Amino acid sequence: MTTFSPPAATVAKQRWDILDVARGLAILAMVVYHFSWDLSFLKLIAADIVAIPAWRWFARCIAGSFLFLSGIGLVLAHAQGMRWRAFLRRLAKVGGAAVLITVATYFAFPDSFIFFGILHCIAVSGVLALPFLRLPPLLVLLFAAFCLAAPWLFTSPALDQPWLDWLGLGSTDPVTNDYVPIFPWFGLVLAGVAAGKALTSRPEILRLAQWRARDRLSGGLKWAGRKSLPIYLIHQVVLLGLLYGVLQVTGPSPMAEARPFVAECEASCLSQNGQPGTCKALCSCVANELRHSDLWSKVLGENVGPDDQTRISRTAQQCLRQTEPR
């Protein structure tokens with residue numbers, strides 16, 4: 001008895017639960033990262049999330065997963081031919097949301113607003129990826145590798161222009177809260193396109209396409225994956241609103257409050273040929289001593305006078321005697 005198998009293109013066009021679940025996992029990871037970032041930004045915790053390499057790589061992996069999945073989704077959505085109406089409708093949604101993010105962050109963070117973040121990159125990459133839908137997977141992968149390597153091959157100070165920052169080929173990164181330029185990130189979209197084309201050319205896609213998220217956990221992730229855009233748009237408003245309320249009750253973390261002073265103290269100490277370990281211990285000691293004195297409010301308000309500076313120097317000398325090896 002022969003079983004009927006629908007054409008690969010027909011299967012590809014179906015909604016894949018496994019991709020929605022993967023997108024849901026990326027959304028969950030994004031919420032975790034932004035929750036931690038908000039705690040650090042509001043100084044509810046001592047850690048400076050942005051300065052910790054592991055957290056930076058976590059954020060990059062999250063962004064990369066969204067871009068990779070968008071490349072796969074682009075292939076599956078147009079497996080039976082280019083569906084221009086659906087493409088333009090999605091482009092309008094993502095592009096419109098990107099503009100909304102730019103406007104909102106411009107008023108909230110004028111010095112570091114988001115002008116080319118993850119949504120901007122997804123929208124522009126979706127357009128740039130269209131010609132690659134006709135190419136074989138291996139050739140698409142070669143272009144992907146080129147995009148990933150471009151920042152190390154073509155970076156130039158001549159490209160440090162505000163109107164070229166979206167390319168990502170300048171010698172310095174602009175000040176912004178979310179920066180996902182075309183190079184190297186378009187490479188991950190192309191990697192997703194190559195993966196999608198490889199999937200749709202093999203019979204094994206039937207197993208992936210026909211898998212269904214039936215348990216509560218996978219069902220919840222599937223729902224989050226299908227609602228990824230609205231979740232992205234509102235989750236930070238909710239998180240910041242809730243945590244700001246917590247801040248009014250608990251106040252900032254003492255160690256987080258001390259972070260700018262400690263950083264400046266350590267830089268000054270190191271400039272005088274100090275040892276990193278000694279400087280860190282010294283400045284932590286000074287901050288701890290000052291927090292228990294009337295000087296701390298002046299330090300935080302940057303209202304330190306000559307007499308106050310003398311008292312701070314004496315405190316530093318006392319701490320230095322404590323931290324010096326015996």
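The values are calculated or read from the model by the stated rules, or taken from the named source; none is laboratory data. This structure is a prediction, so every number in the text was calculated from the model and none was measured. Note: ideal-geometry Cβ built from the backbone for every residue, glycine included; neighbour counts use all protein chains shown.
Couple of notes before you dig in:
- Qualifying residue in the range 186-203 (condition: surrounded by 14 or more Cβ atoms within 10 Å (Cβ to Cβ), β-branched (Val, Ile, Thr) and modelled with pLDDT under 85): yes
- Checked against the criteria, Ala263 does not count as of a type in the set (A, V, I, L, M), surrounded by 15 or more Cβ atoms within 10 Å (Cβ to Cβ), part of a helix (DSSP H, G or I) and in the same structural domain as Gln318 (by TED's automatic domain parsing).
- Within the range 75-111, being modelled with pLDDT of 95 or more and either at positive phi or not assigned by TED's automatic domain parsing to the domain that holds Leu188 (or both) holds for no residue.
- Residues in the range 296-324 that are part of a helix (DSSP H, G or I), free of Cβ contacts under 8 Å to residues at least 12 places away in the same chain and of a type in the set (D, E, K, R): Lys298, Asp307, Arg314, Arg321.
- Across the range 175-229, the qualifying residues are those that are in a helix (DSSP H, G or I) and among the aromatic types (Phe, Trp, Tyr), and the one among them that is farthest from Ser125 (Cα to Cα) is Trp223.
- Top-ranked residue of the range 161-174 - restricted to ones that are in a helix (DSSP H, G or I) and not charged (D, E, K, R), ranked as surrounded by the fewest Cβ atoms within 10 Å (Cβ to Cβ): Trp163
- Residues in the range 81-121 that are assigned to a helix (DSSP H, G or I), in contact (Cβ under 8 Å) with a residue 60 or more places away in the chain and closer than 15 Å to Leu233 by Cβ: Lys93, Val94, Ala97, Leu100, Ile101, Thr105, Ile118, Leu119, His120.
- Selection status of Asp307, of a type in the set (Asp, Glu), over 20 Å from Pro252 (Cα atoms) and loosely packed, with under 11 Cβ neighbours inside 10 Å: yes
- Only one entry of Ala224, Ala258 meets the criterion of being closer than 30 Å to Leu91 by Cα, surrounded by 14 or more Cβ atoms within 10 Å (Cβ to Cβ) and either in contact with a Gly (Cβ under 6 Å, 6 or more places away or on another chain) or not assigned by TED's automatic domain parsing to the domain that holds Ala47 (or both), and that entry is Ala224.
- If you go through the range 271-295 and pick out every residue that is within 14 Å of Ala316 (Cα to Cα) and in a helix (DSSP H, G or I), you end up with 15.
- Residues that are in contact (Cβ under 8 Å) with a residue 40 or more places away in the chain and charged (D, E, K, R), drawn from the range 12-68: Lys13, Asp17, Asp20, Arg23, Asp38, Lys43, Asp48
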